1. Among the candidates B:260, B:276, single out the residue that is open to solvent by less than 40 Å² (accessible area, probe 1.4 Å), within 14 Å of another protein chain (Cβ to nearest Cβ), modelled with pLDDT of 75 or more and part of a loop (DSSP other than H, G, I, E, B).
2. Among all residue pairs at least 6 apart or on different chains, which show Cβ distances below 7 Å where the first residue, located in region B:135-146, is in a loop (DSSP other than H, G, I, E, B) and the second is of a type in the set (Lys, Arg)?
3. Among what's in region B:199-230 and is under 22 Å from residue B:168 (Cβ atoms) and of a type in the set (Asp, Glu), pick the residue that is farthest from the other protein chains (Cβ to nearest Cβ).
4. Six or more apart or on different chains, Cβ atoms under 7 Å: show the pairs whose first residue is in region B:232-257 and within 11 Å of chain A (Cβ to nearest Cβ) and whose second is hydroxyl-bearing (Ser, Thr, Tyr) and open to solvent by less than 20 Å² (accessible area, probe 1.4 Å).
5. Among the residues of region B:205-221, are any at pLDDT 85 or above, in contact with a Lys or Arg (Cβ under 9 Å, 6 or more places away or on another chain) and of a type in the set (Ser, Thr, Tyr)?
6. Counting residues that are closer than 17 Å to residue B:269 by Cβ, facing chain B (nearest Cβ under 8 Å) and not basic (Lys, Arg), which helices (runs of 4 or more DSSP H) fully inside region A:193-271 reach at least 3?
7. Go through region B:178-215 residue by residue and tally those that are of a type in the set (A, V, I, L, M), out of contact with any Asp or Glu (no Cβ under 9 Å at 6 or more places or on another chain) and within 27 Å of residue B:25 (Cα to Cα).
8. Between A:255, A:181, A:280, which is within 23 Å of residue B:190 (Cβ to Cβ), surrounded by fewer than 19 Cβ atoms within 10 Å (Cβ to Cβ) and modelled with pLDDT under 85?
Amino acid sequence: MSKEKLVEIRNLKQHFKTGRHSVVKAVDGLNFDIYKGETFGLVGESGCGKSTTGRTIIRLYDATDGEVLFNGENVHGKKDREQLKKFNREMQMIFQDPYASLNPRMKVEDIIAEGMDIHGLAKDEKERKAKVQELLETVGLNKEHANRYPHEFSGGQRQRIGIARALAVDPSFIIADEPISALDVSIQAQVVNLLKKLQEENQLTYLFIAHDLSMVKYISDRIGVMYFGKMVELADADDLYKHPIHPYTQSLLSSIPLPDPDYERSRERFTYDPSNHDTSEEPEFREVRPGHWVLCTTKEFEHYKKEHGAVTTS
Amino acid sequence: MEKLLDVKNLHVSFDTYGGEVQAVRGVNFDVKKGETLAIVGESGSGKSVTTKALMQLIPMPPGRIKEGEILFEGKDLAKLSEKEMQKIRGKDISMIFQDPMTSLNPTMKVGNQIMEGLIKHQKMNKTQARKRVVELLELVGIPDPESRMKQYPHQFSGGMRQRVVVAIALACNPKLLIADEPTTALDVTIQAQILELMKDIQKKTDSGIIFITHDLGVVANVADRVAVMYAGKIVEVGTVDDIFYNPKHPYTWGLLGSMPSLDSQDAELYAIPGSPPDLLNPPKGDAFAARNEYAMQIDLEQEPPMFKVSDTHYAATWLLHENAPNVEPPEAVKARMKGMATNASSDTEGERV
């Protein structure tokens with residue numbers, strides 16, 4: 001995989017005003033890069049700001065501060081229509097709820113082709129139809145489905161329509177916000193396999209947001225763990241699961257129930273207590289091991305380095 | 001161990017404009033004292049309908065219990081009147097619902113909601129009930145119970161609300177607790193806490209638990225026995241080790257194979273093709289046949305009976321018939337079964353804690 005940066009997120013902040021004097025800092029100073037062709041997983045508890053991050057990156061929200069660079073250009077800031085269109089074509093989103101994210105009054109064909117119409121990607125009616133049918137087949141639906149309405153489909157099929165819509169404009173970067181949470185276990189595997197297949201075929205880059213840690217681990221190359229609007233740990237998927245460093249990540253990992261009774265019987269859960277942190281200074285994001293970043297203070301950094309820095313990646 | 005609940009040949013149907021939807025089609029299971037039975041399956045497999053039928057919480061009409069017996073301590077619940085049922089609900093059998101956001105009354109203080117059952121079933125007066133509420137809230141791990149009981153549900157977080165729901169369910173020391181996806185709406189860390197709490201309480205009260213979920217990780221954590229449901233029937237039942245380490249039904253293989261394990265292998269997930277059948281017109285023969293790559297001609301014609309694998313382990317698939325070809329589970333599932341058994345005791349665990 002090339003190490004070319006596709007998306008760079010610099011000090012991204014998203015604050016929401018909830019009253020005259022109260023501000024919710026949903027995302028508070030995020031820094032990370034997403035490389036071309038990789039899947040970047042973002043995990044954390046509900047309310048930690050992972051969905052807000054995804055929505056801010058694609059400019060569904062205007063960032064309070066910081067910038068998002070896509071291929072070196074800032075996504076936010078003043079843009080005219082043409083510039084905006086260019087970004088919208090490159091970046092697409094798959095939403096969590098396949099029941100709410102498709103317009104119930106539009107035919108599947110029009111849902112999928114809406115983006116193509118806006119960007120003028122189909123020359124005439126015939127080409128439009130052909131492209132829609134091709135997309136439907138790519139995501140594992142029949143071309144006869146083009147003339148139906150969303151309510152005629154099951155949850156898994158609807159999510160496939162959502163994926164086809166995202167693919168219609170030939171994007172290079174797709175943000176998937178909990179794309180499988182609303183689906184049944186057996187259907188989840190189908191959709192994840194599809195996402196992986198599409199990534200290989202079209203050289204897509206994914207930002208995969210989810211709280212199902214075992215699925216994130218399966219699909220992601222690198223994973224960022226968020227806690228209260230901040231990223232506390234970032235590492236290669238394997239490394240993160242084998243050698244979690246930040247206590248919050250450790251507690252998160254120790255809470256995942258695994259489908260293995262023997263393991264479950266002997267499991268010991270680790271509880272995270274934020275007050276155990278060293279509070280002598282503001283924690284910073286530091287690289288404890290190559291490619292493995294942790295939010296910590298100088299003192300903690302020394303400690304982590306001693307404890308985890310030497311461990312070889314196995 | 002004595003049987004607390006014995007369900008025999010339960011059929012539940014719903015009469016709709018489209019015809020009769022056969023949601024539950026002949027289910028047999030039992031729950032013993034102090035035991036946790038997990039029921040797993042996809043949405044629409046009939047697991048929630050089964051347990052709602054036990055409590056007679058199914059709206060009738062359109063629903064009806066077509067056939068079958070629900071023996072609870074020897075009494076057939078299916079034949080009880082609404083009035084008699086009210087004496088059992090919340091006292092002998094209680095239920096924890098999936099969504100803590102909607103199963104509490106937003107206009108009532110939390111303490112009063114817990115007290116309701118105590119005053120009604122245990123004939124306590126208000127002072128006694130209030131004392132018991134404080135005990136219960138402490139039991140489920142809510143700090144500062146005296147002041148928390150005077151608050152409304154919206155002042156609680158999701159995990160705390162689910163604890164309140166657990167407290168309500170436990171208020172009258174039920175003999176049987178039905179938990180319908182009690183942790184699906186919660187984060188993993190909170191989920192782990194609630195599961196630990198339920199196990200603790202079970203040890204103290206020796207009640208039976210029916211646990212409905214589609215998360216196999218949770219099943220491995222809480223269950224003593226597991227029943228796998230598909231299209232309104234139990235297709236495999238056994239101890240938790242039987243189901244995870246020696247599954248026999250292709251549907252169980254599919255469920256196990258579709259979950260990625262944490263030790264990475266980049267192999268494709270084993271997905272079950274297609275989607276569940278329409279129960280308006282249940283298919284002839286084995287309902288799983290259309291999605292089953294091991295389906296044989298007989299699967300399309302005749303329904304498989306329950307075959308016995310061991311004293312605790314039964315599965316409804318023709319593959320277990322003596323004349324059936326010897327079929328091995330898919331490689332992905334087999335590797336998982338073995339891999340998981342060895343991994344559990346290896347080093348990964350020590351580091352995680």
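1. The unique qualifying residue is B:260.
2. These pairs meet every condition: B:140/B:163; B:141/B:163; B:142/B:148; B:142/B:163.
3. The first filter runs over region B:199-230 and keeps only residues under 22 Å from residue B:168 (Cβ atoms), leaving B:199-213, B:218, B:222.
Retained after the next criterion (residues that are of a type in the set (Asp, Glu)): B:200, B:206.
Numbers: B:200: 13, B:206: 20 Å.
If we take residues in region B:199-230 being under 22 Å from residue B:168 (Cβ atoms) and of a type in the set (Asp, Glu), then B:206 is farthest from the other protein chains (Cβ to nearest Cβ).
4. Listed by first residue and then by second, the contacts come to B:243/B:252; B:251/B:230; B:254/A:186; B:255/A:186.
5. Looking for residues that are at pLDDT 85 or above, in contact with a Lys or Arg (Cβ under 9 Å, 6 or more places away or on another chain) and of a type in the set (Ser, Thr, Tyr), one finds at least one in region B:205-221, hence yes.
6. A:213-219
7. Residues of region B:178-215 of a type in the set (A, V, I, L, M): B:178-179, B:185-186, B:188, B:190, B:192, B:194-195, B:197-198, B:201, B:209-210, B:212.
Now restrict to residues that are out of contact with any Asp or Glu (no Cβ under 9 Å at 6 or more places or on another chain): B:178-179, B:186, B:192, B:194-195, B:197-198, B:201.
Okay, now just the ones that are also within 27 Å of residue B:25 (Cα to Cα), so B:178-179.
Summing the residues that are of a type in the set (A, V, I, L, M), out of contact with any Asp or Glu (no Cβ under 9 Å at 6 or more places or on another chain) and within 27 Å of residue B:25 (Cα to Cα) in region B:178-215 gives 2.
8. Working: A:255 fails: surrounded by fewer than 19 Cβ atoms within 10 Å (Cβ to Cβ); A:280 fails: within 23 Å of residue B:190 (Cβ to Cβ).
Of A:255, A:181, A:280, the one residue that is within 23 Å of residue B:190 (Cβ to Cβ), surrounded by fewer than 19 Cβ atoms within 10 Å (Cβ to Cβ) and modelled with pLDDT under 85 is A:181.
The values are calculated or read from the model by the stated rules, or taken from the named source; none is laboratory data. Just so it is clear, the structure is predicted and the values come from calculations on it, not from any experiment. Please note: Cβ atoms are built from the backbone with ideal geometry, for glycine as well, and neighbour counts cover all protein chains shown. Heads up: the accessible areas ignore ligands, DNA and RNA and are worked out on the full protein's heavy atoms, side chains in. Shrake-Rupley method; radii C 1.70, N 1.55, O 1.52, S 1.80 Å.
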